[in-house]
Amino acid sequence: MTTDLTQDGRAAPPNPATAGEAGPRARARRRRREYLLFAAFAAPNFFFLLVFAYWPVIYNAYLSLTDWDMISSSWHMIGLDNYTSLFADPDFRGSLWTTVLFVVGIVAGGLLLGLATALLLNQRLRGRDVVRTLAFAPYVLSGAAVGTLWLFVFDPNYGLIRPLLAPLGMAAPAMMTDSKWALSGLVLVYLWKNTGFVAVVYLAGLQGLPRDVFEAAALDGAGAWTRLRRIILPLLSPVTFFLLVTCTITTFQAFDVIAVMTNGGPGTSTSILSWFIYDQGFRTFDAGRASASAMIMFVVLLLITGFQARFLQRKVHYQ
Amino acid sequence: MTVADSLPDARTVTAGSRSGARRAKRFGLYALLVLVAVIAGGPLYWLISSALKTNPQIYSYPPHWIPTDLRWSNFSDAWSAAPFGRFFLNSLIVSVIGTTVELIAALLCAYAFVFLPFPGKKVLFLFLLGAMMVPGHVTLLPNFLTIAQLGWVNSYAGLIAPGLGSVFGTFLLRQHMLTLPQEITDAAKIDGAGHLRILFRVVLPMSRPMVITVALVVMVGKWNDFIWPLIVTSSADMRTLPIGLLFLQNTETFANWGAILAGAVMVIVPVLVMFFFAQRYIIAGLTQGAGK
């Protein structure tokens with residue numbers, strides 16, 4: 001940039017770009033103009049983020065301290081009552097527990113299946129690119145359509161599940177209307193939808209690994225299992241950690257498939273936190289409790305992200 | 001088969017008795033590959049083929065794996081049971097306008113962060129990234145109240161506005177612009193080009209792959225968005241496709257799976273087509289940040 005020429009504070013040497021407006025005052029004017037331009041360029045994006053991302057956090061925190069019912073024109077500040085009543089509410093506590101099962105099932109299952117798929121797709125096999133595309137495709141599809149599809153697959157009378165279980169001598173369970181099965185059904189659907197993502201990220205990680213390490217290990221007579229445990233997994237640990245955190249955060253916020261397949265039911269069997277928040281806010285119209293449960297989700301996710309930051313820092317020092 | 005069988009294999013000796021074992025292993029690997037393909041693609045095939053089946057075929061047991069006489073009228077049934085044409089149009093408007101505005105805002109912002117000075121730029125950038133920490137569920141109720149206050153409930157403005165802020169897109173575009181050679185923009189400056197001109201005539205053409213990546217990923221996200229349109233729309237004529245599908249299910253009951261599945265196909269086909277043609281960009285965008 002032309003202004004860099006004058007860092008020592010002396011007048012700028014003649015320059016074709018700034019000819020006619022040299023001198024410190026002209027430079028200051030130029031600088032001011034660039035500041036203004038920065039502000040003008042960045043303003044739209046920052047405006048949207050302020051109004052629709054930052055302000056809502058403050059507003060939501062405020063609402064969580066009120067007893068507003070979303071209809072009356074007035075409300076009261078009730079301090080932390082919403083929080084204490086939430087933690088005293090078996091439905092909310094149940095919802096937290098369901099969320100844990102849901103998130104652990106999807107994240108752990110997804111990481112394992114995704115890693116296995118990536119290891120397979122990392123082999124020199126014909127057609128692996130087609131399979132990779134096929135595996136990733138569900139990830140970009142609308143959760144509403146995916147939920148609809150799986151309601152049909154799980155239909156105990158004419159869904160795919162019946163002919164699939166028949167050879168095993170099993171009758172098809174009423175997956176989504178039986179509270180024993182509904183959560184597992186959702187976990188299966190999300191695994192189907194998300195595993196391709198995990199696999200593609202792991203695959204990129206695998207392809208970035210140095211080849212000579214494997215060759216050295218093979219020469220040393222290390223078996224496949226030893227190579228996986230001693231070499232591949234440790235080298236992939238940053239990828240694993242990235243996936244662990246991103247998948248946990250997105251799974252916490254999973255909503256569309258649930259809204260289409262179970263509406264949090266039967267009973268409260270699939271009412272994970274994200275559904276609970278929606279239900280409190282837009283079906284029960286209890287703004288205070290909805291905001292308070294959203295704040296709790298926010299704090300949990302912040303803790304998870306903070307944990308990631310610290311872990312990664314330690315990792316950097318370690319290397 | 002266990003995970004261990006599918007490990008990368010440093011070329012081992014292929015002599016004598018080992019070759020039989022090797023062939024068996026390759027066979028196993030291909031079997032696994034087919035299994036993954038079937039699990040991933042099977043349900044999709046089932047959806048699309050069933051959307052073309054007659055009702056007796058849909059409800060028959062054992063199932064018809066291949067639909068025989070295709071029943072395209074499932075689509076017109078869905079179309080008449082709900083205003084799918086309108087849903088489609090709404091989804092198109094919301095995702096195209098939303099993506100365009102978001103992309104322009106992101107481009108301008110990224111350009112400013114790379115090519116213009118500002119005091120406290122680093123802090124501002126952290127502030128920008130910080131918005132990523134805010135989960136959608138925290139903004140739901142307040143954004144609904146903001147939109148209600150503006151009188152935008154059940155309108156395109158209400159559907160589009162809250163999704164316009166860009167963190168991911170701005171970040172990717174900035175990272176990309178940082179790699180552009182400074183000489184080129186300097187030369188443009190000496191030629192007397194203003195910043196807007198440099199952005200659209202110099203930087204943008206050099207950033208085409210990244211812009212396509214961001215645009216596609218943002219568009220797919222808006223097309224599939226569910227919870228916000230569910231909350232902010234209140235009449236059938238403002239619903240987007242995913243919400244329309246939900247309501248079709250609630251009204252049609254499961255007596256008419258054909259129409260419901262046809263509706264689901266209408267929701268996924270545009271994204272599926274886009275994905276098959278531009279998967280390189282979409283995968284790159286969606287898995288960004290995973291590298292080490």
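Think of it as helices only: each DSSP H run of n ≥ 4 in the protein assembly as shown is worth -39500 (n - 2.57), and spread over all residues that comes to -21000 deg cm²/dmol at 222 nm.
Chain pair A, B: how much accessible area is buried, both chains summed, with a 1.4 Å probe, in Å² to 100?
So the total buried area for this chain pair works out to about 9200 Å².
Could you check how much of the accessible area of the protein assembly as shown is carbon and sulfur, as a whole percent, using a 1.4 Å probe?
Ligands and nucleic acids excluded, carbon and sulfur reach 65 percent.
What would the Debye equation give as log₁₀ I(q)/I(0) for segment B:125-265 at q = 0.13, 0.18 Å⁻¹, counting only Cα atoms as equal point scatterers? Debye curve over Cα of segment B:125-265, log10 I(q)/I(0) at q = 0.13, 0.18 Å⁻¹: -0.78, -1.07. Check each residue of segment A:21-40 and keep those whose accessible area, probe 1.4 Å, is at least 50 Å² smaller with all protein chains in place than in the chain alone; give them in order of residue number. Flagged in segment A:21-40: A:34, A:35, A:38. The accessible-area ordering, largest first, of the residues B:75, B:276 stands as B:276, B:75, per a 1.4 angstrom probe.
Size estimate for segment B:98-200 follows the Kirkwood approach: the inverse of mean 1/r over distinct Cα pairs works out to 15.7 Å. The largest accessible area among A:112, A:37, B:47 belongs to the first residue in A:112, A:37, B:47, and the rest follow in falling order (1.4 Å probe, all chains). The eigenvalues of the Cα gyration tensor, multiplied by 5 and square-rooted, give the protein assembly as shown an equivalent ellipsoid with semi-axes of 43, 35, 25 Å from largest to smallest.
Among all helices in chain A defined by DSSP H, which have a length of 18 Å or more along the axis from Cα atoms plus a Kyte-Doolittle mean of at least -0.5?
Sorted by number, the helices that extend far enough and score high enough are A:24-49, A:90-121, A:182-207, A:233-252, A:287-318.
Per residue, the accessible area of the protein assembly as shown comes to 46 Å², computed with a 1.4 Å probe over protein heavy atoms only. Placing +1 on the Cβ of every Lys and Arg and -1 on the Cβ of every Asp and Glu, with nothing else charged, gives chain B a dipole about its Cα centre of roughly 960 debye. Between the residues A:161, A:76, A:219, the greatest Cα displacement towards the positive end of the dipole of chain A, with unit charges on the Cβ of Lys, Arg, Asp and Glu, is found for A:219. Rounded to the nearest Hz, the phi-derived 3J(HN,Hα) couplings of segment A:258-270 under the Karplus curve 6.51 cos²θ - 1.76 cosθ + 1.60 (θ = phi - 60°) are 5, 4, 7, 8, 9, 6, x, x, x, x, 10, 5, 10, where x marks glycine and proline. Under 5 Å from the amide H of residue B:155 lies no amide H of any residue 5 or more positions distant or on a separate chain, with H modelled from the backbone and absent for Pro and chain starts. To the nearest 10, the accessible area of residue B:266 is 20 Å² with a 1.4 Å probe. Please say if segment A:198-319 is rounded, prolate or oblate, where rounded means a/c under 1.5 for a ≥ b ≥ c the square roots of the C-alpha gyration tensor eigenvalues, and otherwise the choice is prolate for a/b larger than b/c and oblate otherwise? Taking the square roots of the gyration eigenvalues as a ≥ b ≥ c, segment A:198-319 is prolate. Considering only B:248, B:232, B:221, whose Cα is most displaced toward the positive end of the charge dipole of segment B:161-292, charges sitting on Cβ of Lys, Arg (+1) and Asp, Glu (-1)? Among B:248, B:232, B:221, the one farthest towards the positive end of the dipole of segment B:161-292 is B:221.
Couplings for segment A:65-79, taken from phi via the Karplus curve 6.51 cos²θ - 1.76 cosθ + 1.60 with θ = phi - 60°, read 9, 10, 10, 5, 9, 6, 10, 5, 8, 10, 8, 10, 7, 10, x Hz in order; Gly and Pro are left as x. With a ≥ b ≥ c taken as the square roots of the eigenvalues of the C-alpha gyration tensor of segment A:54-122, please select rounded if a/c is under 1.5 and otherwise prolate if a/b is larger than b/c or oblate if it is not? In terms of gyration-tensor shape, prolate.
Which of the residues in segment A:142-172 show a loss of at least 50 Å² in accessible area from their chain by itself to the complete set of protein chains, at a probe of 1.4 Å? Buried by the other chains: A:142, A:145, A:148, A:149, A:152, A:158, A:160, A:163. Couplings 3J(HN,Hα) of segment B:264-269, computed from phi: 4, 4, 5, 6, 8, 4 Hz, in residue order, whole Hz [Karplus 6.51 cos²θ - 1.76 cosθ + 1.60, θ = phi - 60°; x for Gly and Pro].
Need one word for chain B: rounded, prolate or oblate. Basis is the Cα gyration tensor (sqrt eigenvalues a ≥ b ≥ c); a/c below 1.5 gives rounded, then a/b vs b/c decides. Judged from the Cα gyration tensor, chain B comes out oblate (a/c at least 1.5, b/c at or above a/b).
Each Lys and Arg Cβ is given +1 and each Asp and Glu Cβ -1; about its Cα centre, segment A:173-319 then shows a dipole of about 320 debye. Under 5 Å from the amide H of residue A:66 lie the amide H atoms of A:78, each residue being 5 or more positions distant or on a separate chain, with H modelled from the backbone and absent for Pro and chain starts.
Taking 28 Å as the cut-off for C-alpha to C-alpha distance, list the pairs among B:25/B:53; A:193/B:53; B:121/B:189 that go past it. In this structure, B:25/B:53 lie more than 28 Å apart at Cα.
The H on the amide N of residue A:254, modeled in the peptide plane, is under 5 Å from the matching H of no residue at least 5 residues off or on a different chain. Comparing A:301, A:98, A:113 along the charge dipole axis of the protein assembly as shown, the residue lying farthest to the positive side is A:113, per the Cβ-charge model.
The values are calculated or read from the model by the stated rules, or taken from the named source; none is laboratory data. Nothing here was measured: the structure is a model prediction, and the numbers come from that model. Note that each Cβ is placed from the backbone with ideal geometry, even for glycine, and that neighbours are counted across all protein chains shown. Surface areas here come from the heavy atoms of the whole protein model, side chains and all, with no ligands, DNA or RNA. Shrake-Rupley method; radii C 1.70, N 1.55, O 1.52, S 1.80 Å.
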